[in-house]
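Below is one structure, written out as structure tokens, with a few remarks after it.
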Amino acid sequence: MAKILIVEDNEMNRDMLSRRLERRGYVIAIAVDGGAGVEKARTEAPDLILMDVSLPVMDGWEASRRIKGDPATAAIPIIALTAHAMTSDRDKSLKAGCNDYDTKPVELPRLLGKIEALLKNPPAPPAPAPPA
Ligand code: MN
């Protein structure tokens, strides 16, 4: 079964989301801040990442940029999660390399649809930066 890395600093959100996804059969890995998210993207090699954008140490956008900038993790699909249904947050997420975006509180059927779509059709990793 697919492994999902949840990067979320709020313990209640984290526990609820991981329980609900485990019940659907997903294997869950957890990171509680942006720096740990980047690290676990490498060590856990998840099939997909759910990335809260508001995180301590390093925000979810910066963490996503780093994950997408590292050839070892660039191909992992990322869904950004934010509390704000703002277009600017969506644009910021896509610019940071996230492949999709959803808002909190999570509506599980909608989020599952996005997860399943990305797992079924993994997007091409971003092209590596041209040599300077
Ligand atoms: Mn947060």
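The table that follows gives values for the structure above.
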read-out: Max mean-square fluctuation residue, GNM over the chain, Cα-Cα springs under 10 Å, options LYS120, LYS68, LYS104; value: LYS120
read-out: Cα gyration tensor shape of region 1-69, rounded if a/c is under 1.5, else prolate or oblate by comparing a/b with b/c; value: oblate
read-out: Spatially near lysine pairs across the chain, Cα under 20 Å, sequence gap of 8 or more or different chains; value: 14
read-out: Accessible carbon and sulfur surface of region 66-119 relative to its total accessible area, %, 1.4 Å; value: 57
read-out: Relative contact order for the chain, counting Cα pairs under 8 Å that sit 6 or more residues apart, in percent; value: 21
read-out: Net +/- balance of residues flanking GLY25 in space, Cβ distance below 12 Å, scoring K and R +1, D and E -1; value: +2
read-out: The chain - convex hull of the alpha-carbon atoms, volume per residue in Å³; value: 101
read-out: Of LEU55, LEU112, LEU94, the one that fluctuates the most in a GNM where the chain has Cα springs shorter than 10 Å; value: LEU112
read-out: Solvent-accessible area per residue, Å², over the chain with all protein chains present [probe radius 1.4 Å]; value: 54
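The values are calculated or read from the model by the stated rules, or taken from the named source; none is laboratory data. Fair warning: this is a prediction, and the values are worked out from it, not measured in the lab. No Cβ is skipped: glycine too gets one built from the backbone with ideal geometry, and neighbour counts run over all protein chains shown. All accessible areas refer to the heavy atoms of the entire protein, side chains included, with ligands and DNA or RNA removed. Shrake-Rupley method; radii C 1.70, N 1.55, O 1.52, S 1.80 Å.
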